[in-house]
Structure formats: structure tokens, C-alpha cells
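The block underneath contains the structure these notes are about, expressed in C-alpha cells.
Values quoted throughout were computed directly from the atomic coordinates according to the rules given, and no laboratory measurement underlies them. Everything numeric here is computed off the predicted structure, so don't read it as measured data. All Cβ positions, even for glycine, are placed from backbone atoms using ideal geometry, and neighbour counts span all protein chains on display.
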């Protein structure tokens with residue numbers, strides 16, 4: 001069973017320190033929810049984990065099964081087992097869902113001779129996951145996210161997640177901008193592919209998605225550090241009371 005470890009992670013964006021010593025360990029099979037107010041560093045953590053060049057690690061470490069990935073470029077982090085679902089998925093006109101998913105699938109499923117899967121192997125895998133998630137075949141002929149509703153964009157990312165089969169998935173505010181029906185659809189998709197081989201970090205402002213995806217643990221990121229951890233009751237407390245009690249507890253004013 002693999003573990004994603006974040007050890008005393010400090011990171012800067014354009015010279016400004018945002019992450020100030022994040023510590024977190026996620027095992028495959030666990031679902032961790034990360035909550036916190038605007039500006040606390042939640043999305044910075046997501047992008048830092050996946051190696052976005054804008055986010056510079058100044059100290060600390062990120063490890064998968066004890067191997068540091070801090071020096072890895074994003075593609076190598078993906079091959080190591082990390083996946084990021086964006087808060088605002090990018091639209092790519094002219095590139096079909098089929099072409100995009102095949103390129104993504106091939107990049108992380110090469111064999112020992114660095115050869116990608118055959119077209120038939122990819123089609124079999126894709127059809128299996130589309131059936132699992134209830135995705136219509138016509139979806140594959142559309143350009144990536146072009147004209148997609150918010151729910152369709154998130155469903156496309158969940159399909160990508162299912163195909164790539166990473167060890168760990170970071171869902172950066174995947175509930176952002178979704179109505180209740182779309183939220184349920186996305187949550188059901190995540191629940192269908194979650195299991196013993198997948199560790200999930202759900203980054204969210206609100207408790208509502210946690211009604212459908214039950215977290216193993218809930219953490220609060222505040223002023224660049226995880227300042228509280230607990231179970232689902234912690235998310236309910238935040239929904240009811242907000243973050244004022246953390247300001248009093250930490251003495252930090254943001």
C-alpha cells in the first residue's frame with residue numbers, strides 16, 4: 001500500500017511564501033478532505049504537489065512510497081502515481097476527448113520497453129470506464145471541454161482519473177460551480193472508482209460534497225499550515241461556525 005507524504009512543505013509564489021510547513025500523510029484507500037478559507041494555500045498545495053513551475057518549493061519534501069518527487073517534472077510525477085483534477089479545467093479547441101484521453105493514457109501506461117498500449121487496448125479500457133461512469137460514446141467526439149457545462153467538464157476529468165488509475169488523486173475544488181445534480185453525478189463517479197488502490201485528497205470550501213463522498217479524515221489549512229484534523233464532525237463544525245474559532249486558536253489574522 002503506497003503512501004503520499006508531505007513533510008514540512010514550504011512553497012512560494014512569485015516570491016511570497018504561501019505554504020509554511022504543511023505536514024500530511026495519505027495512504028491508498030483513504031479519502032482526506034482539506035478545507036480552509038480563501039487565501040489559506042489550498043490550491044497552492046495542489047499545484048505544488050503536481051509540480052507547476054510557478055510554485056517553488058523552498059524547503060520540505062513530497063514523497064511517494066519514500067521516494068522524493070520534488071525534483072520531478074509534472075509528467076514524471078504523473079507516472080509516479082499523482083493526478084490533479086483542476087478547479088477550472090482548460091478548454092482545448094480542435095482536440096477531441098478521444099485524442100486527449102488516448103495521449104494521457106499512453107503517457108502513463110507504457111510497458112517495460114517504454115512502448116504505449118495498442119489502440120485496441122486503449123479502446124477496451126476506455127469503453128470499460130465509460131460504461132462504469134455512464135458516459136455516452138458521443139462524448140469522445142467533442143473537443144476537450146469546448147461548450148461543456150460545469151458538470152460535463154468535471155465528468156470528463158473523472159473519466160480521465162478512472163483511465164489513468166493513479167495511486168493518488170488531488171481534486172482541487174471539484175465541486176466549484178456545480179449545481180446539486182452535477183455535484184451528485186461527480187460524487188457518484190468518484191465513489192465508483194475509489195477503492196483500496198486510490199488515495200484521494202479533496203480540496204473544498206464547503207461540506208456539501210462530503211455528504212456524498214465520505215472522508216476518512218478532514219483537515220483545515222489555515223495561513224499555510226494544517227492547524228486542525230479530525231473526522232467528518234470537523235467539516236460539520238466548519239460549516240456551522242466558520243473559521244473564526246481558528247483565528248482565536250492560532251492567533252493569526254488573515
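Counting only DSSP beta bridges with both residues in the chain, the antiparallel share comes to about 60 percent. Put simply, the C-alpha atoms of the range 1-121 give a gyration tensor, and the ellipsoid matching it has half-axes of 28, 18, 14 Å, longest first. The packing ranking, built from the mean of other Cβ atoms within 10 Å per residue, places the peptides 125-138, 106-119, 76-89, 32-45 in the order 32-45, 76-89, 125-138, 106-119, highest first.
Based on Cα contacts under 8 Å between residues 6+ apart, the range 1-91 shows a relative contact order of 32 percent.
Across the range 146-198, Cα-Cα pairs more than 16 Å apart make up 37 percent of the total. Counting only alpha carbon atoms, the long axis of helix 119-133 and the longest principal axis of the chain meet at about 50°. Calculated on the Cα set of the chain, radius of gyration then Dmax: 18.2, 59 Å. Of all DSSP bridge pairs formed entirely within the range 159-240, close to 55 percent run antiparallel. The calculated 222 nm mean residue ellipticity attributable to helices in the chain amounts to -10500 deg cm²/dmol, summing -39500 (n - 2.57) over DSSP H runs of n ≥ 4 and dividing by all residues.
For the range 109-254, DSSP calls about 55 percent of its internal beta bridges antiparallel.
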